[in-house]
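K.L.:
Here you go, one structure.
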Amino acid sequence: MAKGNIGVTTDNIFPVIKKFLYSDHEIFLRELVSNAVDATQKLKTLASVGEFKSEMGDTNVYVSVDKNKGTLTVSDHGVGMTAEEIEKYINQIAFSGATEFLDKYKNDANAIIGHFGLGFYSAFMVSKRVEIFTKSYKDAHAQHWTCDGSPEYTLEECDKERRGTDIVLHIDDDNKEFLEEARISTLLNKYCKFLPVNIVFGKKKEWKDGKEVETDEWNIINDTTPAWTRKPADLTEEDYAKFYRELYPYAEEPLFHIHLNVDYPFNLTGILYFPKLKPNVHIDRNKIQLYCNQVFVTDSVEGIVPEFLTLLHGVIDSPDIPLNVSRSYLQSDANVKKISGHITKKVADRLADIFKNSRQEFEEKWDDLRIFIIFGMLTEEKFCEKAMEFALLKNVDGKYFSLNEYRDLIKGEQTDKDNTLIYLYANNVEEQHTYIEAAKAKGYDVLLLDGQLDAHWVGLLEQKLEKSRFVRVDSDVIDKLIVKADAPKVEFSADEQNALSAVFQSQLPKVEKAEFIVSMENLGAEALPVVITRNEFMRRMKDMAATGGNPMMSFYGEMPDNYNLVLNAAHPLVREIVKAEEEACAEKIAPIAEKIHGLDQRKVELKKAHKGKKDDEIPTAEKEELEGIDRQLSELGSEKSAVYSAFAESDSRVKQLIDLALLSNNMLKGKDLAEFIKRSVSLMK
Ligand code: ADP
Ligand code: MG
């Protein structure tokens, strides 16, 4: 019997291993099973090149627990190890690798947990003693190695009939959970579900007479040839759908899949699925699973695939992704960057392909796809370039256009006098109905942009498309949305405009966090008499603030909403109100206006006299006179307003017109709405 010291510098590395990996003890099973699989695969390779000539026999890997003995055993019939090999691979290399590793990352413990294979020695995370019984395929004596968690081991010959290796873990008291069948079953399902060699865990069970009983059949827990390892040509749509269900039994059918298969300059296979996301519901928690040679590694792929693709589902398998390193390292790794770039390209190509060859399918799925595509366009320059070819715009009638098609569609009607192409859009067909109808009546087309990211997307498209601007359909009166020539004049005098403005101002509603400004336009006799619009810039800023991101934006979020109440000076009703106002107010306003005029003149006189003088050179009496004038002017102003306000109160058309404009904007609610209805009824009498 040989005794020895495992080649380490530290006195006792096992407490270190246990401590470091505290939260992720379970990976020991993955490591031992994949070693068993490796040993089996090696033997198959040797057989295929003729170096191993005997019977292969059973190649299953067996996992079993013995609660009474307190052991967990992983057995294979693979290559096995000779005494020299144990010395080399177990006593020396494996361990020195572990020490080196822990040494290197001792300050980065959190980052490494769960993301690397400590290999064989991870068994000591859960064991007080580990035994190896092994018989090499080479004609050598079977060996028994044992180690109790100190750097001392024993190695001696033993009796073992069959080729292969049994790793026996004597589970320590803190880790009894790993003697529970259910726990092991869950772990095998998580890490070993797609390993390339049969993994057996006990016998299959069935229900008999109301009881679960064992059958004679081995319980194979894995699928040795999962879809991603097969050739796309050999797979049907149903195979892909079935595999998706295997991965996410509770998810809805995906939209479509992308089969990845790269062997140069790195190795990568996998299948990604575009899932059906429910809009505005929290992002689906089914994540992409990362495998390394069919061994499950992690389902947090941040850093390996671009952020927008983390919304996808499926698997990626690559032996080339360095798994035993920290996340931050991963993100700067050149190989990983290449992989990320490649996956992005593949996804873009696949989308372009569906767009080109199955346009109808693409349109049907667009509403579900757009969130990925827009997120991708906003965050990945390369993807954006390609997506400009296949991204779709949908109009309020549910028709879809590529960006190029849409430009051609609106070029004729929607180019303004500065040769800028104006894209009109709505984000709520119901609320903006009046504006949409007005735009359509003009021969314009209106897009529907009601997605979560659309405020940002519109900004991006304005940068990408030349001489183009997106304008929401309710952001201005129709003639100003797309300005084709200089606007027709408002035919009211300055006094009339002031009076009209004061009349409407006096009846504006008090809406919380909203400000109204009254203005006048000549919109033509056919247009509505009063229209409410919202400034495009301010509105967009507020929308962006609402979806978050830039902290600067929250400033806009706090601002009140700005609305314009536009009076159509060409509309007969508005003209009539001007006339009625003059008839009702002229007599009362004239004397006030005269007084104002007199005071204004005196003020100008005084100001002229004071020009160029220092404050102490102006006589006190004159200063006081000026102050008096200002006070009187402000009083007269109030008097004037009171006259207009009294008129506005007496002429129910004013309030009625404002309410109609509010109503068409979905802004008339509650008590105001009730009053409007009452007034409407009385107007009909
Ligand atoms: P790795 O698997 O990355 O090489 P491990 O620490 O898991 O590192 O294993 C170290 C070595 O021990 C393996 O490379 C292999 O040579 C040997 N080994 C481990 N388990 C087995 C086994 N079940 N059968 C044969 N050899 C094994
Ligand atoms: Mg290993």
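The values are calculated or read from the model by the stated rules, or taken from the named source; none is laboratory data. Computed from a prediction, not measured in an experiment: that's the story for all the values here. As a convention, Cβ positions derive from the backbone with ideal geometry for all residues, glycine included, and neighbour counts pool all protein chains shown. Ligands, DNA and RNA are stripped out before the accessible areas are found, and what is left, the full protein with its side chains, is counted by its heavy atoms. Shrake-Rupley method; radii C 1.70, N 1.55, O 1.52, S 1.80 Å.
K.L.:
Checking E526 against (1) over 34 Å from the mean Cα position of the chain (by Cα); (2) buried (at least 17 other Cβ atoms within 10 Å of the Cβ); (3) not in a helix (DSSP H, G or I), which single condition isn't satisfied?
P.N.:
(2)
K.L.:
Is one or more of the residues making up the stretch 445-459 outside any loop (DSSP other than H, G, I, E, B) and either open to solvent by 70 Å² or more (accessible area, probe 1.4 Å) or of a type in the set (K, R) (or both)?
P.N.:
For the stretch 445-459, residues outside any loop (DSSP other than H, G, I, E, B) and either open to solvent by 70 Å² or more (accessible area, probe 1.4 Å) or of a type in the set (K, R) (or both): absent.
K.L.:
Scan the stretch 16-31 for residues that are at pLDDT 80 or above and either away from ligand 1 (no atom under 14 Å from the Cβ) or surrounded by fewer than 16 Cβ atoms within 10 Å (Cβ to Cβ) (or both) and jot them down.
P.N.:
H25, E26 - these are the residues of the stretch 16-31 that are at pLDDT 80 or above and either away from ligand 1 (no atom under 14 Å from the Cβ) or surrounded by fewer than 16 Cβ atoms within 10 Å (Cβ to Cβ) (or both).
K.L.:
A further question on this structure: Of these, N91, N60, N35, which one is of a type in the set (S, T, N, Q), within 16 Å of ligand 2 (Cβ to nearest atom) and open to solvent by less than 30 Å² (accessible area, probe 1.4 Å)?
P.N.:
Matching residue, one of N91, N60, N35: N91.
K.L.:
Would you mention how many residues in the stretch 118-142 are assigned to a loop (DSSP other than H, G, I, E, B) and crowded, with 17+ Cβ neighbours inside 10 Å?
P.N.:
Residues that pass the stated criteria total 5.
K.L.:
Scan the stretch 60-85 for residues that are away from ligand 1 (no atom under 16 Å from the Cβ) and within 20 Å of T45 (Cβ to Cβ) and jot them down.
P.N.:
Within the stretch 60-85, no residue meets the criteria.
K.L.:
Sort through L606, L668 and tell me the only one that's assigned to a helix (DSSP H, G or I) and at negative phi.
P.N.:
It is L606.
K.L.:
Next question. Which of the residues belonging to the stretch 663-673 are under 16 Å from R534 (Cα atoms) and either surrounded by fewer than 18 Cβ atoms within 10 Å (Cβ to Cβ) or among the hydrophobic types (A, V, I, L, M, F, W, C) (or both)?
P.N.:
L663, N666, M667, L668
K.L.:
Okay, next question. For residues that are open to solvent by 30 Å² or more (accessible area, probe 1.4 Å) and either outside any loop (DSSP other than H, G, I, E, B) or touching a Leu at 6+ places or on another chain (Cβ under 6 Å) (or both), scanning just the stretch 412-438, find the one that is farthest from T533 (Cα to Cα).
P.N.:
T415
K.L.:
Run down A569, A586, A487, A499 and say which single residue is surrounded by fewer than 15 Cβ atoms within 10 Å (Cβ to Cβ), out of contact with any Ser or Thr (no Cβ under 7 Å at 6 or more places or on another chain), more than 30 Å from H456 (Cα to Cα) and modelled with pLDDT of 90 or more.
P.N.:
Only one candidate passes the filter, namely A586.
K.L.:
Out of curiosity, is K67 more than 16 Å from ligand 2 (Cβ to nearest atom) and either surrounded by fewer than 23 Cβ atoms within 10 Å (Cβ to Cβ) or of a type in the set (V, I, T) (or both)?
P.N.:
Answer is yes for this residue.
K.L.:
Which of the residues that make up the stretch 185-224 are open to solvent by 60 Å² or more (accessible area, probe 1.4 Å) and of a type in the set (S, T, Y)?
P.N.:
The answer is T186, and nothing else.
K.L.:
Within the stretch 650-662, work out how many residues are assigned to a helix (DSSP H, G or I) and either open to solvent by 70 Å² or more (accessible area, probe 1.4 Å) or not aliphatic (A, V, I, L, M) (or both).
P.N.:
Summing the residues that are assigned to a helix (DSSP H, G or I) and either open to solvent by 70 Å² or more (accessible area, probe 1.4 Å) or not aliphatic (A, V, I, L, M) (or both) in the stretch 650-662 gives 7.
K.L.:
Quick one: which residue in A227, A241, A182 is of a type outside the set (D, E), surrounded by fewer than 17 Cβ atoms within 10 Å (Cβ to Cβ) and more than 30 Å from T71 (Cα to Cα)?
P.N.:
Being of a type outside the set (D, E), surrounded by fewer than 17 Cβ atoms within 10 Å (Cβ to Cβ) and more than 30 Å from T71 (Cα to Cα) holds for just one of A227, A241, A182, which is A241.
K.L.:
Which of the residues belonging to the stretch 143-162 are at pLDDT 95 or above and crowded, with 22+ Cβ neighbours inside 10 Å?
P.N.:
Within the stretch 143-162, Q143, W145 meet the criteria.
K.L.:
Output the number of residues of the stretch 176-195 satisfying the condition of being in a loop (DSSP other than H, G, I, E, B) and within 24 Å of T224 (Cβ to Cβ).
P.N.:
4
K.L.:
Within the stretch 355-390, track down each residue that is open to solvent by less than 10 Å² (accessible area, probe 1.4 Å) and touching a residue at least 24 places away in the same chain (Cβ under 8 Å).
P.N.:
F362, W366, L369, F372, I374, G376, M377, F383, C384, A387, F390 - these are the residues of the stretch 355-390 that are open to solvent by less than 10 Å² (accessible area, probe 1.4 Å) and touching a residue at least 24 places away in the same chain (Cβ under 8 Å).
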